[in-house]
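The values are calculated or read from the model by the stated rules, or taken from the named source; none is laboratory data. Note that the structure is predicted; figures quoted are calculated from it, not measured. Glycine gets a Cβ as well: all are built from the backbone with ideal geometry, and neighbour counts include every protein chain shown. Protein only, heavy atoms only, side chains kept; ligands, DNA and RNA dropped before computing areas. Shrake-Rupley method; radii C 1.70, N 1.55, O 1.52, S 1.80 Å.
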Amino acid sequence: MDIAKFVLQLQSCSKKEFKTIIKGFDIKLSDKELDGVYPLLKEISITWLVLGVPISIQQKLIQILGEQRAGALYQEILEKAPSSFR
């Protein structure tokens, strides 16, 4: 799957589908974390691959997850992402 299709899939998936997707990457989010993170999927942009995740989104994630958990989750995602996503 190419990156653009994956981003579109994330933007249009249901919460249940999102849970399945992250489970496929072996990323664990509690139901409370999932409830907070899921609405942010609508804001994902392919430009983040070039420009990075906007500060406003990073701040929202820190508010939802806490600074330590958000940082740990970011590292976990980087480690598990397919090479084509890095």
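Inclusion of S30 among residues that are of a type in the set (S, T, N, Q) and either open to solvent by less than 70 Å² (accessible area, probe 1.4 Å) or under 22 Å from Q63 (Cβ atoms) (or both) is warranted. Taken over the stretch 33-60, the residue count meeting the criterion of being in contact (Cβ under 8 Å) with a residue 12 or more places away in the chain and open to solvent by less than 50 Å² (accessible area, probe 1.4 Å) is 10.
In the stretch 1-26, the residues that are closer than 16 Å to Y38 by Cβ and among the polar types (S, T, N, Q) form Cβ pairs under 8 Å with partners that are surrounded by fewer than 12 Cβ atoms within 10 Å (Cβ to Cβ) and modelled with pLDDT of 90 or more, at six or more places apart or across chains, as follows: Q11/K42.
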